[in-house]
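Single-structure report; data block below.
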Amino acid sequence: MDHEAGLPQYEGKADHQAVYAEKADVADYKADAILAENAEHNMTVLGAVKAYPMASFWAFVMSCTIIMESYDVFLIGNFVALPAFQRQFGVFDTATQGYVIATKWQSSLQVSGQLGALIGVFFAGPLTSRVGYRYATLIGLMLLNAFIFVFYFAETMPVIFAAQILQGIPWGIFIANAPAYCSEIVPIKLRAPATQMLQMFWAIGSIIVGGVTYSTSHTTHKSAYKLPIALQWMFPTPLAILIFFAPESPWWLVRKGKLDQAKRSVERLGTGTNSSEAVAMMRRVIELETSVKPPSHWELFKGTDLRRTLIVCGVYLAQNLTGNLIANQAVYFFEQAGMSVKTAFALGLITSALQWIFVMLSWILTTYFGRRSIYLWGSAANTILLFALGVAGCFGKHNTTANLAQASLGLIVSVLFVLGPAPASWVIIGETSAIRLRPLTTGTGRAAYYIVEFPCIFLASYMLNPKGGNLGGKCGFVWGATGLLCLITAYFQLPEMKGRSYREIDIMFRRRIPARQWRKTVIDVNEDE
């Protein structure tokens, strides 16, 4: 019996018909997939917003979860400089004739929440792969509601430390899920602004903290730090209600084989879009990554996925090694640079407000100029400014001009960081990982961030603390050196993924195309390898 070339060897007529039907189905959905991908490539940014209005809204809602980690990170950073908190939990310093938080507790408080988040990100990947982004995030929000009670009623440093660890666990879920969810529910042209909203909400969290602690910095009553803690309860419940009604990521539903639900999700995210074609595009990409095994962390370190994992981890690591900790401890940095308490808190609030504005400017830059370009140029500028900060710090704390220079450079470093490297990082993190392994990759990348942040926090606290290194602005030399190393690594390893579909990104990683050649590489819309 004659057999069609390329088909399995079946004996019966019915079997032949089944094979032809299967090939026809593959051909049909590939044709639809090509149409959907071409439609996304041909969209303008404004056209994408009009076609996917609800996708933009739900990305906005999911990004709001980042406020809670930002709020608490900056809250602890501000508490270290808050007179009421210093008097309640600090030790008397004869040199300054005031209370200061002991170096060991200053560092421990900074690292405690991140320790909990490290635990959370390892739960986030398997949890999200199993139950989806929505339910994993809802679980995190409910846990956070409960853990805030521990922080609010804490009266000793060890209890505060434990409370921060507990609060960090849901943060880990949020920070792992948000960039992945946002990048999956929007079309190509909106991936940059959708994921960069995470940095905007990080800035919003710091603004809220800055405003609250500035208003209470003049009092030594317990309410000065109790009120900011209690305000954390204003986030989880409203967000949980909204996220309960949010659509699940259609990419996650396709990975689970729930094609009809994925179509309904696409219809909820966009208007005037062909849900069948969109799901066909997702199906095409996911079948490029097909495996009979459930996703596992081991896969992140095999084959081409290793390169993708290293890029995500590297971008996360660089956030700690390029001066970001100056932004997180801005108020304390300003105090150690010679500013008064009131001025330090005011500068911290100004820094947060400027960060918010500059994040929105970064949407335009990253959307039109690319991720790699903005990341590299921003990192280069940041590195130069850090070395300049170190030079200013060499002139001593009793030099008014040098103090103003240190404060100004500290503010500029904190602000420019969110114009270039920081928001571009979120886009890169969301785009780099394979669809099938995305929850695990983003979780592992964030875990790498926390692992490196622990020693960096202790180092940053030691360098600024009067009872430690007492370096002030000279810490710029340390962060400038690590920032330069990150810049060189990014130049050789970070590819440009602007305007690329997930299919194109998969193919380019499989072909092992060098990072600097991505921009000029052409991938045909019909290619599947």
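The values are calculated or read from the model by the stated rules, or taken from the named source; none is laboratory data. Given the structure is predicted, the values throughout are model-derived calculations rather than measurements. All Cβ positions, glycine included, derive from the backbone under ideal geometry; neighbour counts span all protein chains shown. To get the accessible areas, we keep the full protein, side chains included, count just its heavy atoms, and leave off ligands, DNA and RNA. Shrake-Rupley method; radii C 1.70, N 1.55, O 1.52, S 1.80 Å.
About its Cα centre, the dipole of region 356-486 is roughly 140 debye, where the only charges are +1 on Lys and Arg Cβ and -1 on Asp and Glu Cβ.
May I ask you to give the average projected area over all directions of the convex hull of the Cα atoms of the chain, in nm² rounded to one decimal? Don't jump to the answer; show the numbers that get you there.
Values: hull surface 98.4 nm².
Computing the convex hull of the Cα atoms and averaging its projections yields 24.6 nm².
The amide H of ALA246, built 1.01 Å from its N in the peptide plane, has no neighbour under 5 Å, considering only residues 5 or more places off or on other chains.
Can you tell me the length gained on complete extension of the stretch TRP298 to SER215, counting 0.36 nm per residue apart and subtracting the Cα distance?
Details: separation 83, 0.36 × 83 = 29.88 nm, distance 4.89 nm.
Taking 0.36 nm per residue and subtracting the Cα distance, the gain is 25.0 nm.
Computed from the C-beta positions of VAL131 and PHE60, the FRET efficiency with R₀ = 25 Å rounds to 0.65. Of LYS30/LYS189; LYS256/LYS302; LYS258/LYS302; LYS50/LYS520; LYS189/LYS520; LYS30/LYS263, which pairs sit farther than 26 Å apart, going by alpha carbon to alpha carbon? Going by Cα-Cα distance, LYS258/LYS302; LYS50/LYS520 fall outside the 26 Å limit.
Considering only the Cα atoms of region 441-529, their convex hull presents on average a projected area of 7.7 nm².
Using a 1.4 angstrom probe on heavy atoms only, work out the carbon and sulfur share of the accessible area of the chain in %. Ligands and nucleic acids excluded, carbon and sulfur give 66 percent. Values of log10 I(q)/I(0) for region 227-290 across q = 0.19, 0.25 Å⁻¹ run -0.71, -0.99, by the Debye formula with one identical scatterer at each alpha carbon and no solvent. A 1.4 Å probe run over the chain, with the rest of the protein chains in place, finds 39 Å² accessible per residue.
Sum -39500 (n - 2.57) across every DSSP H segment of at least 4 residues in the chain, then divide by the residue count to get the 222 nm mean residue ellipticity, nearest 500. Show your work: numbers first, answer last.
Numbers: 24 runs with 389 residues, N = 529.
The helix contribution divided over the chain gives -24500 deg cm²/dmol.
Scoring 381-387, 47-53, 520-526 by mean Cβ neighbours within 10 Å over their residues and listing the highest first yields 381-387, 47-53, 520-526. Calculated FRET efficiency, VAL45 to TYR152, Cβ-Cβ distance, R0 = 35 Å: about 0.20 to the nearest 0.05. Note on region 181-273: semi-axes of the ellipsoid equivalent to its C-alpha gyration tensor, largest first and rounded to whole Å, are 39, 15, 9.
A viscosity of 0.692 mPa s and a temperature of 37 °C, combined with the Kirkwood radius over C-alpha pairs in the Stokes-Einstein formula, give region 349-504 a diffusion coefficient of 192 µm²/s. With θ taken as phi - 60° and the Karplus curve 6.51 cos²θ - 1.76 cosθ + 1.60 applied, the whole-hertz 3J(HN,Hα) list for region 124-141 is 4, x, x, 5, 5, 4, 8, 10, x, 5, 4, 5, 5, 5, 4, 4, x, 5 Hz, x standing for glycine and proline. Relative contact order of the chain: 22 percent, from C-alpha pairs under 8 Å at least 6 residues apart in sequence.
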